[in-house]
Amino acid sequence: QKEVEQNSGPLSVPEGAIASLNCTYSDRGSQSFFWYRQYSGKSPELIMFIYSNGDKEDGRFTAQLNKASQYVSLLIRDSQPSDSATYLCAVLVNSGYALNFGKGTSLLVTP
Amino acid sequence: ETGVTQSPTHLIKTRGQQVTLRCSSQSGHNTVSWYQQALGQGPQFIFQYYREEENGRGNFPPRFSGLQFPNYSSELNVNALELDDSALYLCASSTGASGGNTIYFGEGSWLTVV
């Protein structure tokens, strides 16, 4: 079973700070990487995906991918209390039809 | 709003019973995947349907089965329910057999087995 690892947290950051969420994966052949946000009792909501090495920005969110280090991260700038949720990292497996998820990192943004 | 709808939203079943969960995919999406999310865990892939055929399967026993219909809607059936089947069941739709770059989840069906 290919692994996707995330720190379970909770990661606590003050409002307005940058939250940094990290994810490592074991399948070197992985090509597509996704970040989902999941509020308690709700389903995962797609934040963004990334394919290429480097950074991809979307509003307050930046995904960073380093395939050599098998590492993907999500930065949230100007964190808001409404960002408090569990963040799931997912990797599209080689076959291309299934997402392999980490267990998620719980983020708490304190006012 | 992802355009992926699931029903029912909540249900309670007794161990040994059977359950059917339903999913309508986003317009234009011909691929439907099902995931099981236990409390405190990430979603686990059950299987995927593409153009009415099972396209891939995760590590779930045969009592988990599914269907996809010509309109791309889908069902997940679970027979002989066990207590460990209690979870959030998620349907995800996308384009193409390889998943594509937009994989959206529905609101999920919460199943409790007692």
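In region B:6-101, counting only strands (runs of 3 or more DSSP E) that sit wholly within it, the ones holding 1 or more residues that are away from chain A (no Cβ under 14 Å) and of a type in the set (Lys, Arg) span B:10-13, B:19-24. Among the residues making up region A:24-35, those that are within 11 Å of chain B (Cβ to nearest Cβ) and either in contact (Cβ under 8 Å) with a residue 60 or more places away in the chain or more than 28 Å from B:Glu107 (Cβ to Cβ) (or both) are A:Gln31, A:Ser32, A:Phe34.
For A:Lys42, indicate whether it is under 21 Å from B:Ala38 (Cα atoms), within 14 Å of chain B (Cβ to nearest Cβ), touching a residue at least 24 places away in the same chain (Cβ under 8 Å) and part of a loop (DSSP other than H, G, I, E, B). Full working, then the answer.
Working: under 21 Å from B:Ala38 (Cα atoms): yes; within 14 Å of chain B (Cβ to nearest Cβ): yes; touching a residue at least 24 places away in the same chain (Cβ under 8 Å): no; part of a loop (DSSP other than H, G, I, E, B): yes.
No.
Could you run through region A:11-23 and say how many residues are assigned to a loop (DSSP other than H, G, I, E, B) and either free of Cβ contacts under 8 Å to residues at least 24 places away in the same chain or aliphatic (A, V, I, L, M) (or both)? Steps first, please.
Taking region A:11-23 and keeping what is assigned to a loop (DSSP other than H, G, I, E, B), we get A:15-18.
After this cut, where a residue has to be either free of Cβ contacts under 8 Å to residues at least 24 places away in the same chain or aliphatic (A, V, I, L, M) (or both) as well, the list is A:17-18.
Of the residues in that region, 2 qualify.
I'd like to check something: does region B:27-45 contain any residue that is farther than 20 Å from A:Tyr97 by Cα, surrounded by fewer than 13 Cβ atoms within 10 Å (Cβ to Cβ) and at pLDDT 95 or above? No, every residue in region B:27-45 fails to be farther than 20 Å from A:Tyr97 by Cα, surrounded by fewer than 13 Cβ atoms within 10 Å (Cβ to Cβ) and at pLDDT 95 or above. Would it be correct to say that A:Ser79 is touching a strand residue (DSSP E or B) at 6+ places or on another chain (Cβ under 9 Å), of a type in the set (S, T, N, Q) and assigned to a loop (DSSP other than H, G, I, E, B)? The answer is yes for A:Ser79.
Answer yes if at least one residue in region A:96-109 is away from chain B (no Cβ under 14 Å), at pLDDT 95 or above and on the phi > 0 side of the Ramachandran plot, and no otherwise. No, region A:96-109 has no match at all. Residue under question is A:Tyr97, and the condition is that it be assigned to a loop (DSSP other than H, G, I, E, B) and among the aromatic types (Phe, Trp, Tyr); does it hold? Yes: the conditions hold for A:Tyr97. For region B:72-83, a residue qualifies if it is surrounded by fewer than 17 Cβ atoms within 10 Å (Cβ to Cβ), touching a strand residue (DSSP E or B) at 6+ places or on another chain (Cβ under 8 Å) and over 21 Å from B:Val32 (Cα atoms), and the qualifying residues are B:Glu82, B:Leu83.
Does region A:58-72 include one or more residues that are within 11 Å of chain B (Cβ to nearest Cβ) and within 21 Å of A:Leu108 (Cβ to Cβ)? Outline the logic, then answer.
So in region A:58-72, the residues within 11 Å of chain B (Cβ to nearest Cβ) come out as none.
Within region A:58-72 (the criterion being within 11 Å of chain B (Cβ to nearest Cβ) and within 21 Å of A:Leu108 (Cβ to Cβ)), the answer is no, since none of the residues qualifies.
The values are calculated or read from the model by the stated rules, or taken from the named source; none is laboratory data. All figures in this text were calculated on a predicted structure; none of them were measured in a lab. Heads up, the Cβs are rebuilt from the backbone with ideal geometry, glycines too, and the neighbour counts pull from every protein chain shown.
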